[in-house]
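Following: one structure in structure tokens, then a few remarks.
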């Protein structure tokens with residue numbers, strides 16, 4: 001079947017209805033002919049353009065300058081122009097971007113220009129977006145360069161910090177699970193210079209007794225636990241030296257639970273571990289020596305006390321009795337110090353102070369202690385307050401020792417003119433024995449370590465307040481009873497030491 005060919009428009013109709021703006025102008029730009037399409041785009045009648053407007057009159061100021069400086073010279077020299085984008089003014093004042101093509105014709109010694117125009121709004125929009133994207137890309141490049149520069153500085157600082165701290169980096173390949181070590185790790189393995197270290201070489205250097213513990217620590221860290229990886233083990237170096245290494249690491253995981261990456265740090269703690277062990281051994285030896293010497297001094301002191309009593313029996317000379325009294329008093333002080341040292345040694349090296357609990361009335365026990373203290377401090381006012389009634393399980397001698405130490409401190413560091421109050425409280429499940437005095441408050445920073453051995457809590461730098469071993473033993477007695485002792489001290493409320501322990 002033959003294709004039906006419609007009747008074609010004549011040349012004039014084709015020119016007028018062509019979907020592109022078509023113009024014919026003089027070489028100076030005066031419009032000689034224009035099609036209906038271009039008139040519709042500009043919102044103008046043909047009569048307003050032909051013979052009354054020049055091509056350059058339809059351009060913006062920038063387009064007119066371009067027409068004068070580039071358009072006319074180029075057409076004169078080359079005879080044509082292609083794909084020139086200029087803004088053309090609509091009748092209502094807004095502008096439209098258009099692509100222009102022009103060719104110069106010469107007939108019968110006369111020249112004219114044929115011009116075609118296409119609205120380039122979409123192309124203009126694309127070009128604007130392209131320029132914006134290029135600008136953003138340039139900005140990102142600048143930022144990327146700045147980030148890379150900052151990253152290099154950070155890496156250099158990290159490398160310097162690792163070098164100064166004697167630290168070594170390692171990581172785990174997320175895809176294969178293989179551990180990778182930096183070349184400097186070779187020094188931990190006893191090699192004289194950095195060299196590549198494989199995961200197998202490093203694993204072989206771990207002491208056999210430590211391998212299982214290290215493996216479990218790594219498995220736990222890779223199981224997405226919050227603790228991360230933290231393990232201390234020994235490395236047997238190629239140089240025959242055994243080193244102790246602290247290895248820490250942390251895994252970072254994807255949303256699906258798979259490992260994204262894992263980084264770790266190695267630290268050689270051989271020397272610090274050795275020093276800690278030596279310090280621990282020295283402290284243990286010193287404490288053992290204190291216990292041994294204190295124990296061995298008990299018998300000579302007992303003999304001195306017995307001898308002083310025998311010499312004083314029947315003696316009437318006042319000067320001899322005074323000397324014997326000094327000897328007896330000094331020996332008793334030395335005996336109390338030895339007993340404290342023995343208690344200290346038991347608390348530090350043994351299983352804690354031994355207590356023998358019996359059922360007793362804590363109010364009666366405290367009342368007896370107050371009566372004894374009243375004889376030792378005749379010039380001081382001692383107040384005993386009680387709350388509740390009943391009995392409890394406690395070691396009377398140890399409780400007396402605890403309250404004696406607390407009352408001794410209260411007498412030594414409290415205001416002489418103020419009363420020292422000893423309160424015994426029986427509650428449903430607990431017993432509270434407290435000692436209160438007025439005086440210079442104990443500084444908050446001292447209170448935190450007040451019950452440690454050989455800690456001083458002098459107010460205002462005074463040499464009078466020295467807790468020695470007394471408060472350490474007080475806490476040991478409290479804990480032996482399943483309780484604890486606390487302190488609060490302020491200028492407004494005074495100083496209160498409270499011993500709390502289970503009633504039964």
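Would you pick out the residues in segment 51-88 that are outside any helix (DSSP H, G or I) and within 19 Å of residue 41 (Cα to Cα)? Explain how you work it out, then say what you get.
Of all residues in segment 51-88, those outside any helix (DSSP H, G or I) come to 51-54, 59-60, 79-88.
Passing the criteria: 51, 52, 53, 54, 59, 60, 83, 84, 85, 86, 87, 88.
I need a count of the residues in segment 178-224 that are under 16 Å from residue 261 (Cα atoms) and surrounded by fewer than 12 Cβ atoms within 10 Å (Cβ to Cβ).
The qualifying residues number 2.
Give me a count of the residues in segment 1-50 that are surrounded by fewer than 10 Cβ atoms within 10 Å (Cβ to Cβ) and not in a loop (DSSP other than H, G, I, E, B).
First pass over segment 1-50, keeping only residues surrounded by fewer than 10 Cβ atoms within 10 Å (Cβ to Cβ): 1-8, 10-12, 19, 47.
Remaining after also requiring not in a loop (DSSP other than H, G, I, E, B): 11-12, 47.
Residues that pass the stated criteria total 3.
Looking at segment 6-27, can you tell me whether even one residue there is at positive phi and touching a strand residue (DSSP E or B) at 6+ places or on another chain (Cβ under 9 Å)? Give the steps one after another, and end with the answer.
To start, the set of residues in segment 6-27 that are at positive phi comprises none.
No, segment 6-27 contains no residue that is at positive phi and touching a strand residue (DSSP E or B) at 6+ places or on another chain (Cβ under 9 Å).
Quick check on my filter: what residues within segment 340-386 are surrounded by fewer than 16 Cβ atoms within 10 Å (Cβ to Cβ) and at pLDDT below 75?
Of everything in segment 340-386, those that are surrounded by fewer than 16 Cβ atoms within 10 Å (Cβ to Cβ) and at pLDDT below 75 turn out to be 349, 350, 351, 352, 354.
Look through 123, 159 and report the one residue that is assigned to a helix (DSSP H, G or I), in contact (Cβ under 8 Å) with a residue 12 or more places away in the chain and surrounded by 10 or more Cβ atoms within 10 Å (Cβ to Cβ).
That would be 123, the only listed residue that is assigned to a helix (DSSP H, G or I), in contact (Cβ under 8 Å) with a residue 12 or more places away in the chain and surrounded by 10 or more Cβ atoms within 10 Å (Cβ to Cβ).
Among the residues of segment 371-391, write down those that are closer than 16 Å to residue 435 by Cα and outside any loop (DSSP other than H, G, I, E, B).
Kept after step one, since they are closer than 16 Å to residue 435 by Cα, are these residues of segment 371-391: 371-374, 377, 380-387.
Within segment 371-391, 371, 372, 373, 374, 382, 383, 384, 385, 386, 387 qualify.
Just one of (1) in contact with a strand residue (DSSP E or B) (Cβ under 7 Å, 6 or more places away or on another chain); (2) part of a loop (DSSP other than H, G, I, E, B) trips up residue 267, so point out which.
Of everything listed in (1) in contact with a strand residue (DSSP E or B) (Cβ under 7 Å, 6 or more places away or on another chain); (2) part of a loop (DSSP other than H, G, I, E, B), residue 267 misses just condition (2).
Just to verify a result, which residue in segment 392-409, among those that are over 21 Å from residue 503 (Cα atoms) and surrounded by 18 or more Cβ atoms within 10 Å (Cβ to Cβ), is farthest from the chain's Cα centre (by Cα)? So that I can check it myself, show each step before the final result.
Taking segment 392-409 as the starting set, the residues that turn out to be over 21 Å from residue 503 (Cα atoms) are 405, 407-409.
Those left that are additionally surrounded by 18 or more Cβ atoms within 10 Å (Cβ to Cβ): 405, 407, 409.
Working: 405: 43, 407: 45, 409: 42 Å.
For segment 392-409, the residue satisfying everything is 407.
Taking segment 75-89, which residues are surrounded by fewer than 16 Cβ atoms within 10 Å (Cβ to Cβ) and under 12 Å from residue 103 (Cβ atoms)? Explain how you work it out, then say what you get.
Looking only at segment 75-89, we keep the residues that are surrounded by fewer than 16 Cβ atoms within 10 Å (Cβ to Cβ), and these are 76-80, 82-83, 85, 89.
Passing the criteria: 78, 79, 80, 82.
Please tell me if residue 108 is at pLDDT below 90 and in the same structural domain as residue 38 (by TED's automatic domain parsing).
On the way: at pLDDT below 90: yes; in the same structural domain as residue 38 (by TED's automatic domain parsing): yes.
Answer is yes for this residue.
Looking at segment 410-465, which of its residues are at pLDDT below 80 and either assigned to a strand (DSSP E or B) or buried (at least 16 other Cβ atoms within 10 Å of the Cβ) (or both)?
Within segment 410-465, 453, 455, 457, 458, 459, 465 meet the criteria.
Looking at segment 106-115, can you tell me whether even one residue there is touching a strand residue (DSSP E or B) at 6+ places or on another chain (Cβ under 8 Å) and under 30 Å from residue 244 (Cβ atoms)?
The initial filter retains those residues of segment 106-115 that are touching a strand residue (DSSP E or B) at 6+ places or on another chain (Cβ under 8 Å), namely 111-115.
Narrowing further to those that are under 30 Å from residue 244 (Cβ atoms): none.
Checked segment 106-115: no residue is touching a strand residue (DSSP E or B) at 6+ places or on another chain (Cβ under 8 Å) and under 30 Å from residue 244 (Cβ atoms).
The values are calculated or read from the model by the stated rules, or taken from the named source; none is laboratory data. Worth saying up front: this structure is predicted, and the values here are computed from it rather than measured. All Cβ positions, glycine included, derive from the backbone under ideal geometry; neighbour counts span all protein chains shown.
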